[in-house]
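The values are calculated or read from the model by the stated rules, or taken from the named source; none is laboratory data. Being a predicted model, the structure only gives us computed values, none of them experimental. Glycine also receives a Cβ, built like all others from the backbone with ideal geometry; neighbour counts cover every protein chain displayed. Only protein heavy atoms, including side chains, enter the accessible area calculation; ligands, DNA and RNA are left aside. Shrake-Rupley method; radii C 1.70, N 1.55, O 1.52, S 1.80 Å.
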Amino acid sequence: MKGLILSGGAGTRLRPITHTAAKQLVPVANKPVLFYALDAMRAAGIVEVGIVVGDTRAEIEAAVGDGSRFGLVVTYLPQEAPLGLAHAVLISEAYLGDDPFVMYLGDNLLKEGITPFVEAFDADRPDALILLQKVADPKSYGIAELDGDGRVARLVEKPAEPRSDLALVGVYLFTPAVFESVKAIVPSARGELEITDAIQHMVDRGLNVEPHVVTGWWKDTGKLEDMLEANRLVLSTLEGDVRGELLETTLEGAVAVGPGSRLERCTVRGPAVIGAGCRLSDSFVGPYTSISDGVVVDHAELEHSIVLENSRISSLGARMTDSLIGRECVIARSQARPVAYRFLVGDRSRIGIL
């Protein structure tokens, strides 16, 4: 079995972060989301993995390389534009050949990984296996309707009037039978080849499409709120590991501190992770916070936030929370006169003022 990871999307819902970075490389608990997918592939015994890439190809290739450090053999499959999940399958046919494969959306996280579903697929040998989970807002997802016997009857992409609350999770398992279906469908109203249409075509052909309801958590990290929630869920499993230097600093709960970091006169209440080469002083770091490498924090309080590499947070007048701070950002109280707010803000940013 081969793996297919989709990493070609533009990440519009996470702008401005994704104006300068691939959404799949934004970290959760200081680890890029894409790396969780790669680790899940290897844990399931899959070694050959194709990564569908778009405009951010160079950045993803630089981060992943040939895949050897993940125990994988990675091949990059360029997609000229994000024309739908089924289009990504279509352009990957030559690479996938006659092998069954797992398709994994590169900005998704699954608590259970994919091993149990690969094992079920190997045991039952359906033509396709789809993962489903109950959601509160089915209008935002591809939705599956099951018949009285629990078989897949109908799939609809973002229905205006959902008749089911079972959303398609971003992991699919297929045999080569899917290629006939992706070639048979036409673009949807939004100009994309929808994977829901391809799977529906398989159902209409009388093929065996097996549903599995996911009981553990699943997160599509395409939005800020989901990114923070994924960070919280992953950090909930964190084990303490202090490799940096602590001076007059108190750690409470599970806290990880990377090598070369120095914390002075701080309180860190876990679960929280602080990367390598950070400098924190006279500060409070609260639960569910991820601080990436090279970050400086002084005279500040923050919690339930993600701070990316080489940023600085200094002398805030209030606690920062529920935030995603990009790379090399500066958030500091200014001493300049006259007293005024001064911002350099990218497109689609959100700023809360006290």
Heavy-atom accessible area with a 1.4 angstrom probe orders ILE185, ILE199, most exposed first, as ILE185, ILE199
Multiply the residue separation of ASP204 and ASP137 by 0.36 nm, subtract the distance between their alpha-carbon atoms, and state the gained length in nm to one decimal. 21.5 nm
Mind checking which of TYR141, TYR172, TYR288 has the largest fluctuation in a GNM of the chain, springs on alpha carbons under 10 Å? TYR141
Given a Förster radius of 25 Å and the C-beta distance between LYS223 and ARG327 as r, what FRET efficiency does 1/(1 + (r/R0)^6) yield to the nearest 0.05? 0.85
Using a 1.4 Å probe on heavy atoms of the protein chains only, the accessible area for GLU239 in Å², nearest 10, reads 150
Order by protection proxy (mean Cβ within 10 Å, highest first), peptides 327-333, 50-56: 50-56, 327-333
Between 0 and 90 degrees, rounded to the nearest ten: what's the tilt of helix 115-124 against the longest Cα principal axis of the chain? 10
Under 5 Å from the placed amide H of ALA153, counting only residues 5+ away or on other chains, we find GLU145, LEU146, ASP147
Run the quick spin-label model on GLU252 and ALA276: label points 7 Å from Cα toward the beta carbon, then report their separation in nm to one decimal. 3.1
Amide H neighbours of GLY240 under 5 Å, counting only residues 5+ apart in sequence or on other chains, H built in-plane at 1.01 Å? VAL255
Any idea what angle helix 195-204 forms with the longest principal axis of the chain, computed on alpha-carbon atoms, 0 to 90 degrees, nearest 10? 20
Ignoring ligands, DNA and RNA, how do HIS87, HIS304 rank by accessible area with a 1.4 Å probe, largest first? HIS304, HIS87
Listed candidates (i) 69, 40, 39; (ii) 69, 45, 37; (iii) 64, 42, 39 - label of the one calculated as Cα extents along the principal axes in Å: (i)
Rounded to the nearest 5, the percent of antiparallel DSSP beta bridges in the chain equals 25
Along Cα→Cβ, 7 Å out, is where each label goes; now give me the distance between the ones at ARG125 and SER188 in nm to one decimal. 3.3
Mark the label point 7 Å from the Cα of LYS111 along Cα→Cβ and return the residues of the stretch 220-239 whose backbone N is within less than 14 Å of it. 220, 229-238
Simple spin-label model, 7 Å along Cα-to-Cβ: ARG69 to ALA81 in nm? 3.5
List the lysines whose Cα lies under 27 Å from the Cα of LYS139, skipping any in the same chain that are fewer than 8 positions away. LYS23, LYS111, LYS158, LYS183, LYS219, LYS223
Protection-proxy order for peptides 71-81, 272-282, each taking the mean of Cβ atoms within 10 Å per residue, highest first: 272-282, 71-81
Heads up, the stretch 88-128 by the C-alpha gyration tensor (a ≥ b ≥ c square roots of eigenvalues; a/c under 1.5 rounded, else a/b over b/c prolate, else oblate) looks oblate
Run the dipole for the chain about the Cα centre, Lys and Arg Cβ at +1, Asp and Glu Cβ at -1, nothing else charged, and hand back the magnitude in debye, nearest 20. 1300
Report SER261's accessible area, 1.4 Å probe, all protein chains in place, as a number in Å² to the nearest 10. 0
